Amino acid sequence: MAGPGRTTPAGDATYRELVRPLLLPSWLVIGILMVLPVALMAVYSFLTREFRGGVIWEFTLAAYDQFFFDRGLFGDEPPRIEWTYITIFWRSIWQAGLATLMCLVIGFPTAWFIATRPARTRGIWLFLITIPYWVNLLIRTVSLRFLLRDTGPMNGALQSLGLIDAPLPIINTNLAVQIGLFYSYLPFMVLPIYAAVERYNFALSEAAADLYASRWATLREIVLPVVKPGIVAGCILVFIPSLGAFLAPDLLGGAKTFMIGSLIDEQFRGSQGNWPFGAAAAMILMTLVLFVLLIYARAQGRAPR
């Protein structure tokens, strides 16, 4: 006989039989909208470019070779490392990493503040955090460009206050891209950390204070380990979309702030695009993301419970 709170194998089998038909729509959506597009992208990355646009169904590694190696204008020179695309890839990584760090520095205290408010006011603070997402990301990025431009409201206000003599050249710089990424994805950091802090038992902090632990020691040894899942989830939710972002680099940056998302987007525009190369760049980006997630998953699996 099964004890309280336990189910028998027969009960588990019955439960699975009941749930399985309900999962079918989910599997169809995942298969059609996620797995199929990725599979098509993988196939296209091995095809040959058609110079008038599109692809020729001849399988080759030319797109991957173009990403990593430079073989000259006519392709008959000895291969050299193609630093142009590698530099763009590296720029995307550090821009996304810096945006994640900025979101963490601002998002953690923000989430802590919201989680420690009275229960009746937490909903209002969360409502304020999510208001920007009522507007399309494109519109928000264009509005941010208007705000940051030389003749925009921000420079105008700083000049009127006498804080600066000439407009700050922010547009078309790495700083503008960072501001755009930070502004776009900050709520993705706040919400998971808020959910983790809300479940935190504040009696642990009180016990640490009773044992004469400093605030920094309590934060480092007690609070951060407990809310770590929320921090990691927030970092992943910010880093991955920042890595592939193209609106912020395109609208707020310039040629010197080109990122991998902009490179991929450019390959699928007009008749001069290179679909196999764009697909190959997308697959390289996805492989990097999956590699990072795999490392995290293995580390979590080995962590003591």
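In the list R149, R122, which residue meets the criterion of being within 26 Å of L252 (Cα to Cα) and surrounded by 14 or more Cβ atoms within 10 Å (Cβ to Cβ)? Reasoning before the result, please.
On the way: R122 fails: within 26 Å of L252 (Cα to Cα).
Every option except R149 fails the conditions.
Picking from residues in the range 244-263 that are more than 20 Å from I139 (Cα to Cα) and assigned to a helix (DSSP H, G or I), the one that is modelled with the lowest pLDDT is A255. Collect the residues in the range 78-99 that are part of a helix (DSSP H, G or I) and either among the basic types (K, R) or within 20 Å of V226 (Cβ to Cβ) (or both), keeping them in residue-number order. The answer is R91, and nothing else. When we screen T173, T257 for residues that are in contact with a Ser or Thr (Cβ under 8 Å, 6 or more places away or on another chain), touching a residue at least 40 places away in the same chain (Cβ under 8 Å), of a type in the set (S, T, N, Q) and buried (at least 20 other Cβ atoms within 10 Å of the Cβ), the only hit is T257. Of the residues making up the range 123-170, those that are in contact with a Phe, Trp or Tyr (Cβ under 9 Å, 6 or more places away or on another chain) and in contact (Cβ under 8 Å) with a residue 40 or more places away in the chain are L126, I129, P132, R140, T141, L144. The single residue among A63, A39 that is touching a Gly at 6+ places or on another chain (Cβ under 9 Å), in a helix (DSSP H, G or I), more than 30 Å from E198 (Cβ to Cβ) and not hydroxyl-bearing (S, T, Y) turns out to be A63.
Tell me, yes or no, whether the range 148-162 has at least one residue that is under 26 Å from L237 (Cα atoms) and of a type outside the set (V, I, T).
At the first step, the residues of the range 148-162 found to be under 26 Å from L237 (Cα atoms) are 148.
Checking the rest, the ones that are also of a type outside the set (V, I, T) come to 148.
Within the range 148-162, one or more residues are under 26 Å from L237 (Cα atoms) and of a type outside the set (V, I, T).
Is it fair to say P276 is assigned to a helix (DSSP H, G or I), in contact with a strand residue (DSSP E or B) (Cβ under 7 Å, 6 or more places away or on another chain) and of a type outside the set (A, V, I, L, M, F, W, C)? It is true that P276 is assigned to a helix (DSSP H, G or I), in contact with a strand residue (DSSP E or B) (Cβ under 7 Å, 6 or more places away or on another chain) and of a type outside the set (A, V, I, L, M, F, W, C).
The values are calculated or read from the model by the stated rules, or taken from the named source; none is laboratory data. Source: prediction; values computed, not measured. Glycine gets a Cβ as well: all are built from the backbone with ideal geometry, and neighbour counts include every protein chain shown.
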